[in-house]
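Data first, discussion second: the structure below is written as structure tokens.
The values are calculated or read from the model by the stated rules, or taken from the named source; none is laboratory data. Treat the numbers as computed from the prediction; the structure is a model and nothing was measured. Remember, those area values only see protein heavy atoms, side chains included, never the ligands or the DNA or RNA. Shrake-Rupley method; radii C 1.70, N 1.55, O 1.52, S 1.80 Å.
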Amino acid sequence: MLRPKIPTMPSPTGLITPPTVVEPTTVVQHHPTPAPAPTASTRPTIQLTPGTALALVGAGTAVVLVVGAVLVSMLLAVAVTGASVAVCAVVIRSLISSQHRR
């Protein structure tokens, strides 16, 4: 009763095709062409000055503060909703129990 049943391998159904034979192909050796010499990039390089570093730090701080405020407000909204649902449940329970006493 408590022994597990070992599933049996079902026999294949439908048409069974024999395996295909793969013929070997000839291998052709290609000689690699030399890579072209690297050229200088025409893009301007970014120079990080103390003013831009300070601006990046300020922008990062502002983003962290805004995202934190949004997350805290969402958590507060969930907590207030949960508390109001709990208060409603207590009020409804007391109304139902007071009707049974009468």
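Mind checking which residues of region 42-93 are outside any helix (DSSP H, G or I) and open to solvent by 70 Å² or more (accessible area, probe 1.4 Å)?
Residues satisfying the conditions are THR42, ARG43, PRO44, THR45, ILE46, GLN47, LEU48.
On the given criteria, is SER11 part of a loop (DSSP other than H, G, I, E, B), polar (S, T, N, Q) and open to solvent by less than 100 Å² (accessible area, probe 1.4 Å)?
Values: part of a loop (DSSP other than H, G, I, E, B): yes; polar (S, T, N, Q): yes; open to solvent by less than 100 Å² (accessible area, probe 1.4 Å): yes.
Yes.
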